[in-house]
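Here is the structure we will look at.
What follows draws every value from the coordinates through simple rules; no lab data is involved. Everything numeric in this text was worked out from a predicted model, so none of it was measured. Here the Cβ positions follow ideal geometry from the backbone for every residue, glycine too, while neighbour counts run over all protein chains shown.
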Amino acid sequence: MQLTDISNAPNLVALFLQRADEQGAAPFLTAKHDGKWTSISYAEAAQQVCLLAQALHRMGLGNGDRVVIVSENRPEWCIADLAIMAAGCVTVPAYTTNTVSDHCHIIDNSNASAVFVSGEKLGKVLFPAVIRTGGISHVIAMDPVASAQAGDFRVHQWAETVRGDYAAARAAVEARISPVTRDDLACIIYTSGTSGSPRGVMLHHGAILHNVGAAGELLSREFGWEQERFLSFLPLSHAMEHTAGFYLPIGLGADIWFSEGLDKLSSNLEEAQPTFMIVVPRLFEVLRAKIIKQVEKKGGSARFLLARALKLGVKVANNRRSVLDAPTEALLGATLRPKVRALFGGRIKALVSGGAPLNPEVGGFFQAMGLTMLQGYGQTESAPVVSVNLPSVGIDLTTVGPPLRDVEVRIAEDNEILVRGELVMKGYWQNPRDTAAALKDGWLHTGDIGHIDKRGRLAITDRKKDIIVNDKGDNVAPQKLEGMLTLQPEIAQAMVAGDRKPYMVALVVPDEEWMKAWAHEHGEPADLVSLSESQAFRSAIKTAIDRTNEDLSVIEKIRKFAFADAPFSVDNDQMTPTMKIRRPFIRAAYGERLEALY
């Protein structure tokens with residue numbers, strides 16, 4: 001596969017059609033239907049894209065009209081995205097977890113003219129927003145929906161929109177996209193945000209193409225090239241999956257398999273046998289905990305091997321791996337590593353972590369198990385990848401690697417990370433004030449704090465606005481502490497506080513499985529509200545926090561803690577869809593409880 005053509009590709013649709021002509025009958029999009037994996041080839045996808053684009057054109061859409069997609073990850077999502085741009089429109093992805101008010105905000109703010117919806121389930125939340133906002137003229141349903149739900153808009157069934165003369169549709173699409181350049185707007189991705197209403201990030205074709213070309217080149221250089229396969233798990237509405245999980249595979253001529261969700265991820269990994277997978281750190285934490293529990297249950301030699309693996313993982317995380325670890329490496333290579341690799345399908349070349357900081361100890365564990373962990377860094381505003389760890393440079397899990405080619409990174413006087421290059425957004429849709437604050441003299445002000453090490457690798461300390469300054473003026477990075485707390489088997493989630501206070505405190509959500517086991521053993525009800533009043537239960541959690549404190553400095557130590565009433569989740573607005581905690585919302589719910597700890 002020649003990747004140099006990506007640097008010269010004028011737009012995303014042109015790149016896709018070129019790959020479709022090259023790949024032909026090769027599989028492109030694979031999903032499970034009625035218990036069986038079914039593939040759509042590159043050629044079949046190109047046909048559907050062009051026919052759907054013409055259907056949108058006949059509806060009167062084009063010339064920069066915004067079109068929203070509300071759907072779970074599936075082949076139709078990808079085809080719709082390409083068809084929207086092939087019709088001359090702009091894609092506006094939306095999360096499936098959005099509420100009616102979330103949809104109203106995105107539809108109103110983007111001035112959308114049409115929307116794709118996967119089916120009845122998501123339609124129940126979407127249609128009230130469509131009716132309330134009144135600007136949508138067309139709804140295209142991937143699965144049949146009742147047309148009786150229509151108000152002042154028309155409902156089109158997917159099957160009706162992908163019919164017609166492909167040759168004529170292809171010619172019309174090519175004519176329509178020929179003037180589209182890398183500088184033209186491709187999509188508006190609304191950031192889920194840890195506070196306030198989502199902002200629409202305007203990404204041009206060149207921003208995403210830059211990411212695809214640079215990332216594709218480094219993956220091919222570092223790992224070689226074969227018929228690559230990606231397992232898509234993160235929402236396609238998220239910039240990381242949109243670029244690295246969709247357009248990067250197109251650039252590589254790879255095929256994409258769509259996971260059925262977290263509960264079936266393990267079986268999907270074994271069935272799909274991917275070579276690459278894009279994942280958020282929280283999933284790695286969950287997988288690590290599951291693997292540890294599975295091995296511990298076996299006892300005996302398995303538990304001994306696990307202990308060796310965990311010790312090696314800590315060494316990897318702290319860059320203390322040496323030739324003295326060769327016996328452990330050989331032992332794990334003959335025992336645990338093949339079994340862990342099998343859990344990921346057996347063909348995995350690299351697991352790419354992004355969207356939030358990866359705890360080095362979690363990454364070190366998987367590295368010790370023989371899996372290559374590539375932690376990347378970026379933002380929706382940078383399309384999104386800025387940098388990524390590379391084996392050839394040396395994987396240091398306390399960093400996020402060197403910047404991609406043709407990306408400038410510099411550290412401001414206050415240690416904020418600044419980024420410049422084709423990958424940087426055009427700005428925030430209809431939001432000149434925030435655009436001016438984020439973009440200054442061509443530099444994206446990321447809001448992240450960090451530094452560049454001697455080998456040119458970027459290290460992230462924390463979010464500028466999240467840094468805690470205690471009453472003595474010391475700076476404390478809460479994400480580090482929270483990551484360490486959630487490594488304890490007793491703790492599932494945590495938020496650290498202590499701004500302008502004498503010491504750090506934490507709001508804790510116990511691990512559900514551990515809590516149930518503890519309650520059963522002590523004859524207590526497995527209910528967090530009840531257990532939070534139990535002194536014995538509090539002592540057990542305090543022991544876990546004390547273990548964390550052993551590795552923290554005096555100013556970082558967690559002195560007191562309180563329990564949350566329920567897990568942080570998207571439903572209660574305390575987490576983003578990409579599993580980052582929303583501090584302002586958590587503080588609003590538990591502010592008095594945290595204040596009472598002082």
_Report the gain in length on full extension from Glu160 to Glu521: 0.36 nm times residue separation, minus Cα-Cα distance, nm rounded to one decimal._
124.0 nm
*For Ser39, Ser353, Ser387, Ser178, order by how many other beta-carbon atoms lie within 10 Å, fewest first*: Ser178, Ser39, Ser387, Ser353
*Sticking with the crude label model, points 7 Å out along Cα→Cβ, report the distance from Arg320 to Asp551 in nm, one decimal please.*
1.1 nm
*Per DSSP H run of n ≥ 4, the term is -39500 (n - 2.57); total these for the chain, divide by its residue number, and report the mean residue ellipticity at 222 nm rounded to 500 deg cm²/dmol.*
-12000 deg cm²/dmol
_Could you sort the peptides 366-373, 464-471 by per-residue average Cβ neighbour count (10 Å cutoff), highest mean leading?_
366-373, 464-471
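Find the relative contact order for the range 288-386 and round it to a whole percent, using C-alpha pairs within less than 8 Å whose residues are 6+ positions apart.
With pairs under 8 Å counted, the relative contact order is 30 percent.
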*If r is the Cβ-Cβ distance from Ala334 to Ile292 and R0 is 25 Å, what FRET efficiency results, to the nearest 0.05?*
0.80
*Share of antiparallel DSSP beta bridges in the chain, in percent to the nearest 5?*
50 percent
_Cα centre as origin, Lys/Arg/Asp/Glu Cβ charges: the chain dipole, Debye_ = 1040 debye
*Virtual spin-label span in nm between Lys454 and Ala562, 7 Å along Cα→Cβ*: 4.6 nm
*Take Met575, Met425 and order them by how many other Cβ atoms sit within 10 Å, fewest up front.*
Met575, Met425
*How high is the FRET efficiency between Ala167 and Ile131 when r is their beta carbon distance and R₀ equals 51 Å, given to the nearest 0.05?*
0.85
*asked:* Place a point 7 Å from Cα of Thr398 in the direction of its Cβ. Which residues in the range 333-365 have their backbone N less than 16 Å from it?
replied: 358-365
*Check the range 186-337 and count each lysine pair with an alpha-carbon distance under 21 angstrom, considering only pairs eight or more places apart or from different chains.*
7
_Charge dipole (debye, nearest 20) of the range 9-202; +1 at Cβ of Lys and Arg, -1 at Cβ of Asp and Glu_ = 180 debye
*Which one of Ser7, Thr181, Ala86 has its Cα pushed farthest toward the positive end of the charge dipole of the chain, where Lys and Arg give +1 and Asp and Glu give -1 at the Cβ?*
Ser7
*Kindly rank 409-416, 437-444 from highest to lowest mean number of other beta carbons found within 10 Å of each residue.*
437-444, 409-416
_Give me the percent relative contact order of the chain, please, defined on Cα pairs under 8 angstrom at least 6 residues apart._
11 percent
*Just the number, please: percent antiparallel of the DSSP beta bridges in the range 1-128, rounded to the nearest 5.*
40 percent
*Fewest-first ranking of Ser137, Ser322, using other Cβ atoms within 10 Å as the exposure measure*: Ser322, Ser137
*Using a basic spin-label model with each label point 7 Å from the Cα along Cα→Cβ, how many nm lie between Glu595 and Ser569?*
2.8 nm
_Contact order normalised by length for the range 468-595, with contacts defined as Cα pairs under 8 Å and 6 or more residues apart; what percent is it?_
24 percent
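Could you tell me which of rounded, prolate or oblate describes the range 66-122, using a ≥ b ≥ c as the square roots of the eigenvalues of the alpha-carbon gyration tensor, with rounded for a/c under 1.5 and, failing that, prolate when a/b is larger than b/c and oblate otherwise?
Oblate shape, in that a/c is at least 1.5 and b/c is the bigger or equal ratio.
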_Gain in span if fully extended, Ser539 to Ser7, counting 0.36 nm per residue against the direct Cα distance_ = 185.7 nm
_Neighbourhood net charge (15 Å Cβ-Cβ; Lys/Arg +1, Asp/Glu -1) for Glu416_ = -2
